[in-house]
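This report concerns only the one structure given below.
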Amino acid sequence: METSERGRRTVAIACQGGGSHTAFTAGVLDRLLAEDAVEYDIVELSGTSGGAICAFATWFGLASDRRGDGRHEARRLLAQIWHDISAKSPADIVMNELGVGTVRAQNMGVPFLTVSPYDSPLAGWSRKRLRTVLEDAVDPDNLADIVGSDDPLPPRLDIGAVDLQRGTFKTFTERDVSHDAVLASAAVPPLFQAAPVTLVDGSTRWYWDGLFSQNPPLSDLFGSADGRLERASELWIVQVNPQREDQLPKKLEEIADRRNELAGNLSVNQELRFIKLLNQWRAEGKVDETYRPLEVKTINLDESLVAPGRPLDYASKLDRSERFIERLWEHGRSQADRFISTERDRRHVRQAAESTWTRERDDVRAQERPSTYTVHLPTSLTELRAFLQRDPEQEVTTLGWSEYRQFVESVHQAFPDLQFSVEELVAETGKVALRWHGVGTHSGTLFDIEPTGRDVRLSGMSIHHLTDGQLSESWTLSEQWSLLQQIEAANPSVPLPTASRVSPTPVVTQLSAPVENEELARTEVTELWNRGRRDVLAHVLDEGCVVHLDDGSDRRGREPYWEFVQRYRQAFPDLTVGIRDTVSEGDKIVLRLTVRGTHEGPFLGVHATGRRIDVDRMVIHHLDDGRIVETGVVEDTVRLLHQLGASPSAVAT
């Protein structure tokens, strides 16, 4: 993770355009700028149209306060600009209502005379008014001073527009930004005339709204450039256009609204897919370390909370009424507050896990837990010992914090050089899931097994619940059967699914939605696993879906996954897989499952016993375009075999 000179996370904030709806963006930025508990430095801002206005004001506030961090000044500028944009005078209120009503009627098919912005006094007046608002907030001379400054370097700024005559994208940066550039980014045709901008070389180009190019600009985030700050380690997108639509638009106004939303999302979706592809290539070693993986998170405008019972249509993007602007602003602050809470939980869980499992770290605060904190550990060392010694199965263990620390210490004694790393992290409000990996040498006694000197790799997953920002309950599951294999205590005859080689890619939000992810996962469990419906494969799995096996092989395609399912269903005809918990974010979902059934067929070399199994499983799915593209599984295989009455030697080859 890239950090600033102050040791804080570095983030870029990209602000999507969307007319008056970007008052939501201003509210988001206001709340993010007010936050101190989640430590981050904003090193880049990008924006288009109304998003460009928000990014510009924030950038100028941060850059102008050279002795402090500029957050207070940025918040003041955002408030001033949106106060001045909103319609307050009687004449302005009437003009605003007339404009919104006219566009709404046009979208419903009512015929109106369409006037060119070059023939409309209103278009010229609106442009002049917006310039006055911007120049009142950001003094042109002060702006020119910052644009020409190198000490210190200002945050990066990218504002998108399109050269209407050449048909090319244009990104104005902190090195050439001007009020003209911001106005160009917001020159929406046919509402406004094309906006002229005089470039550094003295030539004049004409621009239209950046919605036609990059909404918002993201491509410049990838590279370094002389005279600019280093790129951020995280990208936060403030999105005003909804990604998904539940209902098929049929009315003219619904079609116009959805068309506008899709146009606003098209470019950002393309760029996010490219980011996701680069992240995947980096995880697979196909690109070198020049490219650093980029984590992408989104703060979305939720129309149902702004206007319950009806969607925000295209015409509402022109609505500057004071009440509407205030409602969007407060909604932005509320959504940002939820986002910050999740970020705080994400950071706390990562620090807690790393502090617990890394001996070299001495982070007292990260090691603190509430007195009521519990850890559910299905296969504890006690259960492992009982399995190896052919003793009766031990109950699933729930540990307090001190007991869990003792468990961790026992593992460290067996593997003194254990190195722990978090491979993937998925978070939603009040819940965080980890996929982790450990590497160490078996140089200490484990149960009655003398040190083997073998290098061991151990993977697992965990889900953590938090209350008021503090850990309250955790469930953790590791590949204990793999551990026994590696220290030569067991060796299964059939390869098992594993999570150890799942691509460690950062989360990329927006392209997938938590609700959609959960519906997909429930369909996969209910229809595929519980009901054995082979026809569901094409609906839930990508044709190139990858399942990783613990023998080092990767099975690709729907048929290998079906074989994996059938192995269980044939051994346990009454198989029932239950979902106990989920954590979903962006293009990933983690599930905590229970697997139950009666053993009536061979499984892992053990013939039918008629015994019941009831074990835990954790799964992580990577998703793309509504399908599972990669899956990793951690199962309590030790307890499963113990419940079948098997011993390590009985299932060894």
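The values are calculated or read from the model by the stated rules, or taken from the named source; none is laboratory data. This one's a predicted model, so the numbers in the text were calculated from it and none came from an experiment. Cβ coordinates were reconstructed from backbone atoms using ideal geometry, including for glycine residues, and neighbour counts include every protein chain displayed.
Residues that are assigned by the TED database to the domain that holds Trp208, acidic (Asp, Glu) and either within 27 Å of the chain's Cα centre (by Cα) or not in a helix (DSSP H, G or I) (or both): does the range 58-66 have at least one?
Taking the range 58-66 and keeping what is assigned by the TED database to the domain that holds Trp208, we get 58-66.
Checking the rest, the ones that are also acidic (Asp, Glu) come to 65.
Checking which are either within 27 Å of the chain's Cα centre (by Cα) or not in a helix (DSSP H, G or I) (or both) leaves us with 65.
Yes, the range 58-66 contains a residue that is assigned by the TED database to the domain that holds Trp208, acidic (Asp, Glu) and either within 27 Å of the chain's Cα centre (by Cα) or not in a helix (DSSP H, G or I) (or both).
Taking the condition of being within 22 Å of Asp624 (Cα to Cα) and outside any helix (DSSP H, G or I), how many residues in the range 249-290 meet it?
4
Residues in the range 153-173 that are among the small types (Gly, Ala, Ser) and crowded, with 19+ Cβ neighbours inside 10 Å: how many?
Of the residues in that region, 2 qualify.
Examine the range 333-354 for a residue that is within 32 Å of the chain's Cα centre (by Cα), of a type in the set (A, V, I, L, M), part of a strand (DSSP E or B) and farther than 20 Å from Gly440 by Cα, and state whether such a residue exists.
The initial filter retains those residues of the range 333-354 that are within 32 Å of the chain's Cα centre (by Cα), namely 333-354.
From the residues that got through so far, the ones that are of a type in the set (A, V, I, L, M) too are 336, 340, 349, 352-353.
Okay, now just the ones that are also part of a strand (DSSP E or B), so none.
So far as the range 333-354 goes, no, none of its residues is within 32 Å of the chain's Cα centre (by Cα), of a type in the set (A, V, I, L, M), part of a strand (DSSP E or B) and farther than 20 Å from Gly440 by Cα.
I'd like to verify a number: residues in the range 557-593 that are of a type in the set (Ser, Thr, Tyr) and farther than 23 Å from Leu537 by Cβ, how many? Steps first, answer last, please.
From the range 557-593, those of a type in the set (Ser, Thr, Tyr) are 561, 568, 576, 582, 584; that's our starting set.
Checking which are farther than 23 Å from Leu537 by Cβ leaves us with none.
Adding up the residues that qualify gives 0.
Name the residues in the range 241-259 that are of a type in the set (S, T, N, Q) and surrounded by fewer than 19 Cβ atoms within 10 Å (Cβ to Cβ), would you?
Looking only at the range 241-259, we keep the residues that are of a type in the set (S, T, N, Q), and these are 241, 243, 247.
Gln243, Gln247 - these are the residues of the range 241-259 that are of a type in the set (S, T, N, Q) and surrounded by fewer than 19 Cβ atoms within 10 Å (Cβ to Cβ).
All but one of (1) within 23 Å of Ser500 (Cβ to Cβ); (2) buried (at least 19 other Cβ atoms within 10 Å of the Cβ) hold for Arg567; which doesn't?
Failed condition: (2).
Collect the residues in the range 116-132 that are surrounded by fewer than 17 Cβ atoms within 10 Å (Cβ to Cβ) and farther than 18 Å from Glu97 by Cα, keeping them in residue-number order.
Ser116, Tyr118, Asp119, Gly124, Lys128, Arg131, Thr132, listed by residue number.
Quick check on the range 513-535: of everything there that is more than 16 Å from Val619 (Cβ to Cβ) and in contact with a helix residue (DSSP H, G or I) (Cβ under 9 Å, 6 or more places away or on another chain), which residue is surrounded by the fewest Cβ atoms within 10 Å (Cβ to Cβ)?
Asp535
Answer with yes or no whether Gly51 is touching a strand residue (DSSP E or B) at 6+ places or on another chain (Cβ under 6 Å), touching a residue at least 60 places away in the same chain (Cβ under 8 Å) and either not in a loop (DSSP other than H, G, I, E, B) or not assigned by the TED database to the domain that holds Ser185 (or both).
yes
Is there any pair with a first residue in the range 227-242 that is within 21 Å of Asp176 (Cα to Cα) and modelled with pLDDT under 75 and a second that is surrounded by 20 or more Cβ atoms within 10 Å (Cβ to Cβ) and among the β-branched types (Val, Ile, Thr) whose Cβ atoms are under 6 Å apart and which are 6 or more apart or on different chains, and what are they?
What qualifies is Leu229/Val43.
From the list Asp150, Asp141, which one is outside any loop (DSSP other than H, G, I, E, B), surrounded by fewer than 15 Cβ atoms within 10 Å (Cβ to Cβ) and out of contact with any Phe, Trp or Tyr (no Cβ under 8 Å at 6 or more places or on another chain)?
From the options Asp150, Asp141, the qualifying one is Asp141.
Kindly establish whether Leu604 is surrounded by fewer than 22 Cβ atoms within 10 Å (Cβ to Cβ), among the hydrophobic types (A, V, I, L, M, F, W, C), under 24 Å from Gln486 (Cβ atoms) and in contact (Cβ under 8 Å) with a residue 60 or more places away in the chain. Walk me through how you get there before you give the answer.
On the way: surrounded by fewer than 22 Cβ atoms within 10 Å (Cβ to Cβ): yes; among the hydrophobic types (A, V, I, L, M, F, W, C): yes; under 24 Å from Gln486 (Cβ atoms): yes; in contact (Cβ under 8 Å) with a residue 60 or more places away in the chain: yes.
Against the criterion (surrounded by fewer than 22 Cβ atoms within 10 Å (Cβ to Cβ), among the hydrophobic types (A, V, I, L, M, F, W, C), under 24 Å from Gln486 (Cβ atoms) and in contact (Cβ under 8 Å) with a residue 60 or more places away in the chain), Leu604 qualifies.
Any residue in the range 593-616 that is in the same structural domain as Gly532 (by the TED database) and within 30 Å of Ile275 (Cα to Cα)? Working first, answer last.
Within the range 593-616, the first condition is being in the same structural domain as Gly532 (by the TED database), and the residues that meet it are 593-616.
Next cut, within 30 Å of Ile275 (Cα to Cα) only: none.
No, the conditions are met nowhere in the range 593-616.
Name the one entry in Gly626, Gly632 that is under 24 Å from Met461 (Cα atoms) and buried (at least 19 other Cβ atoms within 10 Å of the Cβ).
Of the residues listed, the single one that is under 24 Å from Met461 (Cα atoms) and buried (at least 19 other Cβ atoms within 10 Å of the Cβ) is Gly632.
Please go through the range 394-435 and give me each residue that is assigned to a loop (DSSP other than H, G, I, E, B) and at pLDDT 85 or above, ordered by number.
To start, the set of residues in the range 394-435 that are assigned to a loop (DSSP other than H, G, I, E, B) comprises 394-396, 415-418, 429-430.
Once the filter is applied, which keeps residues that are assigned to a loop (DSSP other than H, G, I, E, B) and at pLDDT 85 or above, the range 394-435 yields Phe415, Pro416, Asp417, Leu418, Thr429, Gly430.
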